[in-house]
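Asks: Got a structure here, written out as structure tokens. Questions coming.
The values are calculated or read from the model by the stated rules, or taken from the named source; none is laboratory data. The structure presented is a predicted model; accordingly, all values stated were derived computationally and were not measured. Cβ sites come from the backbone with ideal geometry, for glycine too, and all protein chains shown count toward neighbours. Just so you know, the surface numbers come from the protein's heavy atoms only, side chains and all, with ligands and any DNA or RNA stripped out. Shrake-Rupley method; radii C 1.70, N 1.55, O 1.52, S 1.80 Å.
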Amino acid sequence: MTIDQYNFNGKKAIVRVDFNVPLDENGHITDDTRIRGALPTLKKILADGGSLIIMSHMGKPKGKVNPKLSLAQIKDAVAKALGTEVKFAEDCAKAEEAAKALKPGEVLLLENLRFHPEEEGKPVGIDKEDPAYDDAKKAMKEAQKEFAKTLASYADVYVNDAFGTAHRRHASTAVIADYFPADAKMLGYLMEKEVNAVDAILSDIKRPFTAIMGGSKVSTKIGIIENLMDKVDNLILCGGMTYTFAKAQGGEVGKSICENDKLNLALDIIKKAKEKGVNLVLAPDCIAADDFSNDANTMVCSVMEIPAEWEGVDAGPKAREDFAAAIRDAKTILWNGPAGVFEFDNFAGGSRAIADAIVEATEKGAFSLVGGGDSVACVNKFGLADKVSYVSTGGGALLEAIEGKVLPGIAAIKG
Ligand code: AMP
């Protein structure tokens with residue numbers, strides 16, 4: 001069942017969205033991208049003549065009520081975005097009456113799901129080493145089912161539009177789907193877009209395919225790097241992991257970020273790339289700085305010869321050329337993780353060169369997917385988000401999907 005096939009007229013729909021928006025100290029929303037992202041789904045349901053029960057988490061209240069993480073703070077913003085009044089249920093597990101009273105076109109926002117530990121389904125206040133932990137975990141799984149069943153009882157149909165939490169088997173993201181028949185549960189528009197974008201990268205690949213993996217460490221990206229190795233033509237590894245590779249090959253990397261326990265892993269990746277015929281692109285040079293600050297003194301040097309008191313903070317000019325050459329003519333592009341400490345303007349040049357080459361390739365017809373927190377922040381910083389094919393909203397969820405893992409939130413609906 002897809003959202004376009006379903007007629008919500010006269011139906012109550014419970015929709016899991018990701019309204020985990022950043023708030024300032026006065027509880028004002030500082031970035032409403034996530035609310036705007038859910039609007040097509042929410043508006044379609046209202047336009048059909050359905051009523052809406054909206055549920056989300058916010059932050060990490062760890063199963064306890066925390067007024068600073070109350071969704072009441074965003075009620076008015078949601079009402080404004082939808083152009084209609086929004087009612088509020090102060091306890092998401094006790095909203096039967098409010099849900100029952102909803103008329104077509106009306107909207108009810110539930111309080112933060114994570115005020116209840118059952119949402120995440122992890123036992124609280126008990127250590128994993130405790131002998132009673134396994135029993136507590138079993139009991140919590142049962143409680144989670146009851147909680148999901150309660151949420152499900154509010155509505156006729158379930159829609160999941162929260163890609164950011166699709167990699168979690170939580171009550172509202174996956175367990176709840178068990179309480180709806182196959183023709184009354186579906187993905188929302190945002191989820192469909194994310195799933196299609198991942199599909200374009202994983203199954204419908206136009207070649208050459210170039211993946212750019214950056215960020216601080218190789219250890220956190222190894223699963224994806226290994227998975228991509230079977231798919232890509234060009235693999236650019238940049239950012240902080242550059243220096244682990246340089247050191248593994250006998251380089252001097254000074255004070256650069258370097259995972260000394262991953263040197264063999266780096267050599268193994270180089271070997272595997274050769275075996276699989278993947279063009280592995282590593283930076284030959286870098287911008288080195290004498291301090292971790294925007295105003296540090298800098299110089300261009302080989303990644304193999306960084307002086308003892310200096311550290312590599314961005315890709316050098318030759319590296320930028322090599323990266324752009326592997327990106328410019330690609331037909332499929334995935335970018336995750338910056339090429340340098342892009343938060344400092346003076347060290348954002350390498351990431352900018354990558355972003356520019358991706359835009360150029362996209363203009364020539366490539367499909368480009370940018371995802372994972374920091375690379376999204378990069379394209380936003382450069383004002384280029386509209387010039388790539390797709391910017392994913394999901395950090396962890398996107399990476400797990402690309403690693404080839406089945407996301408519980410999607411499996412719960414698609415089977
Ligand atoms: P990750 O969370 O692993 O994707 O890493 C993102 C972070 O990596 C960003 O905050 C960047 O500032 C950081 N980063 C990228 N290149 C370097 C580098 N050469 N040295 C230190 N940090 C870096």
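Asks: Add +1 for every Lys or Arg and -1 for every Asp or Glu among the other residues with Cβ under 13 Å from the Cβ of residue 316, and state the total.
Replies: So the surrounding residues net to -3.
Asks: Please list, in order along segment 212-219, the HN-Hα scalar couplings obtained from phi with the Karplus expression 6.51 cos²θ - 1.76 cosθ + 1.60 (θ = phi - 60°), rounded to whole Hz, x for Gly and Pro.
Replies: 10, 10, x, x, 7, 10, 6, 4
Asks: How large is log10 of I(q)/I(0) for the chain at q = 0.06 Å⁻¹ when the intensity is taken from the Debye formula with one equal scatterer per alpha-carbon?
Replies: So the normalised log intensities are -0.29.
Asks: To continue, here is another question. Accessible area per residue for segment 206-262 in Å², computed with a 1.4 Å probe and the full protein assembly in place, what is it?
Replies: 36
Asks: Right, here's the next one. What residues qualify as long-range amide H neighbours of residue 256, i.e. H under 5 Å apart, gap of 5 or more or another chain, H built at 1.01 Å from N?
Replies: For residue 256, the qualifying residues are 312.
Asks: Which order do the peptides 383-389, 181-187, 4-10 come out in when sorted by mean C-beta neighbours inside 10 angstrom, highest first?
Replies: With the highest mean Cβ count within 10 Å placed first, the list reads 181-187, 383-389, 4-10.
Asks: Can you give me the distance in nm between label points at residue 146 and residue 386, each placed 7 Å from the Cα along the Cα-to-Cβ direction?
Replies: Output for this residue pair reads 5.2 nm.
Asks: Quick one: which residues, 5+ away or cross-chain, put their amide H under 5 Å from the amide H of residue 23? H built at 1.01 Å from N.
Replies: When sequence neighbours closer than 5 places are left aside, the close amide H contacts are 30.
Asks: Still on this structure, I have one more. Charges at C-beta only: +1 for Lys and Arg, -1 for Asp and Glu. How large is the resulting dipole of the chain about its Cα centre, in Debye rounded to 20?
Replies: 1160
Asks: A further question on this structure: Going highest first, how would you order 140-149, 245-254, 121-130 by mean Cβ packing within 10 Å?
Replies: 245-254, 140-149, 121-130
Asks: For segment 116-185 and segment 379-415, write down the distance between their C-alpha centroids in whole Å.
Replies: Segment 116-185 and segment 379-415 have Cα centres spaced 22 Å from each other.
Asks: Measure nothing fancy, just the Cα-based angle from helix 133-153's long axis to the longest principal axis of the chain, in degrees from 0 to 90, nearest 10.
Replies: Helix 133-153 and the main axis of the chain meet at about 60 degrees.
Asks: May I pose another question? Can you give the accessible area per residue of segment 315-403, in Å², using a 1.4 Å probe?
Replies: Working: 3110 Å² over 89 residues.
I get 35 Å² per residue for this part.
Asks: Still on this structure, please answer the following. If you roll a 1.4 Å probe over the chain with all protein chains in place, what percent of the accessible area is carbon or sulfur?
Replies: Result for the chain: 48 percent of the exposed heavy-atom area is carbon or sulfur.
Asks: Now for a separate question. Using a 1.4 Å probe and ignoring any ligands, DNA or RNA, find the accessible area of residue 275 and quote it in Å² to the nearest 10.
Replies: So the heavy atoms of residue 275 present about 130 Å² to solvent.
Asks: For the pair residue 30 and residue 267, how long in nm is the line joining their label points, each one 7 Å along Cα→Cβ?
Replies: Result: 4.5 nm between the two label points.
Asks: Still on this structure, I have one more. Normalised by the residues of segment 249-363, what does the relative contact order come to in percent, with Cα pairs under 8 Å and at least six apart?
Replies: Reported relative contact order: 26 percent.
Asks: Also, quick follow-up: To the nearest 20 Debye, how big is the dipole of segment 81-158 about its Cα centre, given +1 on the beta carbon of each Lys and Arg and -1 on that of each Asp and Glu?
Replies: Dipole size: approximately 240 debye.
Asks: Beyond 24 Å between alpha-carbons counts as too far, so tell me which of 331/387; 64/185; 364/405; 68/381; 80/387 fall in that bin.
Replies: From 331/387; 64/185; 364/405; 68/381; 80/387, over 24 Å: 64/185; 364/405; 68/381; 80/387.
Asks: May I pose another question? Please give the helix 263-276 orientation as an angle from the longest Cα principal axis of the chain, in degrees from 0 to 90, rounded to the nearest 10.
Replies: 90
Asks: Tell me, what is the per residue accessible area of segment 21-175 in Å², probe radius 1.4 Å?
Replies: Per-residue accessible area for segment 21-175 comes out at 49 Å².
Asks: What do you get for the angle between helix 317-328 and the principal long axis of the chain? Use alpha-carbon atoms, 0 to 90 degrees, nearest ten.
Replies: So the inclination is approximately 50 degrees.
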